[in-house]
Amino acid sequence: MGGRAVLITGASRGIGRAIAAEFAGAGDRVALHHRGSAELAGRLAASLPGAGHVVVQADLADAEAVRAMVDQAASLLGGLDILVNNAGVFTPHPITDVSYSHWQDQWQATLGVNLIGAANATWCAVQHMKGRGGRIINVSSRGAFRGEPNSPAYGASKAGLNSLSQSLARALAPHGIAVSAVAPGFVATDMTNEHLKPPRGDEIRAQSPFGRVAEPEEIAAAVLYLASERAEWASGAVLDLNGASYLR
């Protein structure tokens with residue numbers, strides 16, 4: 001089979017969809033993970049250029065479902081060369097406005113998918129990469145650095161994902177596996193569409209001196225680079241993709 005074997009979590013829409021299209025356009029075979037969007041994922045798989053694309057399903061908060069999903073993707077693709085941990089959840093839970101039980105629920109749910117789910121998917125993927133090398137790219141967020149006052153669990157989960165990326169970059173380099181992350185700011189997707197409507201959308205676009213937000217394809221292009229053979233020396237990097245809206 002030609003091309004690389006790529007697993008992308010949360011691939012049915014938004015940034016994940018753009019990442020899938022980027023890899024497929026480069027001649028790779030893609031496993032599209034979804035939690036509950038089978039129809040969307042199936043249509044995407046059928047529309048991608050090339051052949052050999054597959055759809056896999058799992059709730060990333062379920063550790064055993066994650067293991068089964070990664071193993072299925074590797075089996076269907078004939079191995080696994082690249083993992084993109086893109087799936088994530090974002091729900092508002094401002095500390096002054098929610099009950100204690102709701103606060104706990106949101107932390108558990110957010111960390112369970114965004115951080116622990118990604119860590120589990122990574123462990124499972126590494127079992128297929130050892131001995132052959134590979135690339136792991138984690139989709140983080142500007143919020144890991146700037147803060148997320150209305151969704152602190154999201155900001156914390158992405159900060160944890162950055163730390164995980166750097167820890168594993170050191171741990172996995174001897175195995176020929178490079179690990180890196182991208183940290184986008186606002187991206188124009190169906191999930192952010194409501195936020196980008198006036199008047200708040202004008203304020204969000206003004207955060208960048210370019211006066212706009214990112215397109216999903218801009219994030220996908222960076223992920224494709226970090227997955228490339230020439231990007232091994234970027235292992236451990238967290239690449240800001242926020243149009244100079246937040247500098248650190």
Original post:
Looking at (1) over 21 Å from Glu22 (Cα atoms); (2) more than 16 Å from the chain's Cα centre (by Cα), can you tell me which one Leu80 breaks?
Top reply: (1)
**OP:** Could you check segment 1-100 for helices (runs of 4 or more DSSP H) lying wholly inside it with 2 or more residues that are touching a helix residue (DSSP H, G or I) at 6+ places or on another chain (Cβ under 6 Å), among the aliphatic types (A, V, I, L, M) and within 22 Å of Leu164 (Cβ to Cβ)?
**Re:** 14-25, 63-77
Subject >> Within segment 2-53, considering residues that are in contact (Cβ under 8 Å) with a residue 60 or more places away in the chain and on the phi > 0 side of the Ramachandran plot, the one farthest from the chain's Cα centre (by Cα) >> reply: Gly14
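Going through segment 205-237 one residue at a time, which ones are touching a Pro at 6+ places or on another chain (Cβ under 7 Å) and touching a residue at least 60 places away in the same chain (Cβ under 8 Å)?
Within segment 205-237, Ile219 is the sole residue that qualifies.
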Subject >> helices (runs of 4 or more DSSP H) wholly inside segment 111-182 that include at least 3 residues being within 23 Å of Met69 (Cβ to Cβ) and of a type outside the set (Lys, Arg) >> reply: 118-129, 152-172
Subject >> Check on Ser157, more than 21 Å from Leu239 (Cα to Cα) and either at pLDDT 95 or above or aromatic (Phe, Trp, Tyr) (or both) >> reply: no
**OP:** Please state which of the following conditions Asn193 fails to meet, knowing it meets all the rest: (1) at pLDDT below 95; (2) assigned to a helix (DSSP H, G or I).
**Re:** (2)
**OP:** Considering each residue of segment 196-229, count those that are part of a loop (DSSP other than H, G, I, E, B), surrounded by fewer than 13 Cβ atoms within 10 Å (Cβ to Cβ) and modelled with pLDDT under 95, and give that number.
**Re:** 3
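The values are calculated or read from the model by the stated rules, or taken from the named source; none is laboratory data. As the structure is a computational prediction, the values presented were derived from the model and not from experiment. All Cβ positions, glycine included, derive from the backbone under ideal geometry; neighbour counts span all protein chains shown.
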